[in-house]
Amino acid sequence: MAVAPPLCTDFDDIDLSTPNSSPKIAPVPRSMGTAAKMSSSMVPQGGPVPALPLTTLNPGTEQHHPLNPTVIKGNLGMIVNSSNLPVGLSASLAPPGGKCRSSLTPDSAGSSCPTNTDRSMLLITEAAAKQAFHEYGNSKCCYGSSPAKDMTTAELQPFNTYRYSLETFTESRTCEWITEQYTGQHVDATNAGSVLQPWEIPVVVPDMFKDGTQTMKVPNTTSVKTCPHCKGMGKNMCLKCHGTGRIQCMWCNGTGRRLQMEMCQQCYGIGTESCRMCNPSIIQNCVTCTGKGQVLTYLQLSTTWKNNKYQFISDDYSEFSPDLFHAVHGERIHTDEQLSASPLSNFPDATITWASQNALDQHRMQFSSSCRVLRQRQCVELLPLTKVQYVWKGKKLSYFVYGTENKVFVQNYPQKCCCAVM
């Protein structure tokens, strides 16, 4: 199990006199994990109340699919072949009547799904399949158009499948000390004991499910301090001449003479010349404080909003790569958006029910300590996939049409010119 980073539990515990440049994570208070008791000042008026923090498995950990003994990686786009489900397991999850039951406890309520989720509900016509194949051939410079024009369609086989997606919109906060030039800015660090905790600072939440960042000064932490670089002197000694004002002559290497033992015209035989880095003064103004000897320090709160995504595609046909589905859209048949989503229940495909439970468990474990979950959204799409079997010049061939965009995938196009052969 990965070790969590060091946490910054209180701003009050930070020594305001010794700024620390390393940022620290502000963990979600335990009270947020047990009840959604948030101050109204922390949420924009009319906006949603922050949800309870969730907890997810590390996306890199290995997991065993409850319906398939093969090991699956817990990352985006996990694929499960539901055609190889063990009989005993599939029967335990699917009660009589074909409806699948979520693996919730008896007193937990799942998110009910529509019953009209027949995979064959998205059917492509023969004309549309032929037109898609024709456009595919025209999009390739070395592909001929004869197969699409002269082909005879033999069979259209629908292999429509489902795609499950979970979005968890989280907010995390970090704090770090910032030092900048002092030009008379307002100073409010008169009472260090009145510094607010990280999650007590009002921050307006942006649009839901969109990544974003925001930085702001923590109230009552701005103060003026002695510049640590020049120790308040406002000047820095030149590092090239070490305050002497002169350096070795680069023309004669400090000898005062040239190749023919004549006097160096650059240093006039002295062997040294004026330092160009600090001339005419042997000291320079401090860059950090611009010669004022004082700097402004304050604690900066950085808020990050991230839309964390989980995606799962139920793979039912081995000849077609499910990775191709990531570039197309499907027909959305179910959407559920809540402060804290519940696993799907009564869904016809047991692998989608498992994916919902697994995704929510992962996100609950992953975002419980350092993030606050503001909202969750899960949806199920029906992805069109049709295998078109056709005959061209006496040969039996096939291709796939997939997505609502009617994209085409074919392993071996039957008519290519010589430049297409590698």
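Find out how many positive minus negative residues lie around residue 373, taking Lys and Arg as positive, Asp and Glu as negative, among other residues whose Cβ is under 9 Å from that of residue 373. The partial results should precede the final answer.
On the way: positive: 364, 372, 375; negative: 171.
That works out to +2.
Amide H to amide H distances under 5 Å link residue 124 with no residue, where only residues 5 or more positions off or on other chains count and H is placed in the peptide plane.
Dipole of region 242-392, Cα-centred, from +1 at each Lys and Arg C-beta and -1 at each Asp and Glu C-beta, to the nearest 20 debye? Let's see the in-between values first.
Details: 13 positive and 12 negative charges, 259 e Å.
With Lys and Arg at +1 and Asp and Glu at -1, about 1240 debye.
On region 225-301, 55 percent of the accessible area sits on carbon and sulfur atoms, based on a 1.4 Å probe.
Using the Cα centre as the reference, give the magnitude of the dipole from point charges on the C-beta atoms of region 323-405 (Lys, Arg: +1; Asp, Glu: -1; all else neutral), rounded to the nearest 20 debye. Before the final figure, lay out each step's value.
On the way: 9 positive and 8 negative charges, 67 e Å.
Here the size comes out at about 320 debye.
In order along region 304-311, phi translates into HN-Hα couplings of 10, 10, 9, 9, 8, 10, 10, 9 Hz, rounded to whole numbers, per the Karplus curve 6.51 cos²θ - 1.76 cosθ + 1.60 with θ = phi - 60° and x for Gly and Pro. Ranked by the mean number of other Cβ atoms within 10 Å of their residues, highest first, the peptides 126-134, 264-272 fall in the order 126-134, 264-272. Of the GluC sites (Glu not before Pro) found in region 307-386, those that fall in a DSSP loop while having at most 10 other beta-carbon atoms within 10 Å are 319. The simple spin-label model puts a point 7 Å past each Cα toward its Cβ; for residue 417 and residue 217 those points are separated by 6.8 nm.
Which of the trypsin sites (Lys or Arg not before Pro) found in region 338-422 are loop residues per DSSP with 11 or fewer other Cβ atoms within 10 Å of their Cβ? Sites meeting the loop and neighbour criteria: 393. Taking a straight Cα-Cα cut-off under 23 Å and skipping sequence neighbours fewer than 8 places away in the same chain, the lysines within cross-link reach of residue 24 are 217, 225, 306.
Between amide H atoms placed 1.01 Å from N, distances below 5 Å from residue 293 occur with 234, all of them 5 or more places distant or on a separate chain. Between amide H atoms placed 1.01 Å from N, distances below 5 Å from residue 257 occur with 264, all of them 5 or more places distant or on a separate chain.
Kindly flag which residue pairs out of 149/387; 309/416; 140/396 have an alpha-carbon separation exceeding 30 Å in this structure. Result: 309/416 exceed 30 Å.
The values are calculated or read from the model by the stated rules, or taken from the named source; none is laboratory data. Remember, predicted model here, so these are calculated numbers, not experimental data. No Cβ is skipped: glycine too gets one built from the backbone with ideal geometry, and neighbour counts run over all protein chains shown. Areas reflect the complete protein model, heavy atoms only, side chains present, ligands, DNA and RNA absent. Shrake-Rupley method; radii C 1.70, N 1.55, O 1.52, S 1.80 Å.
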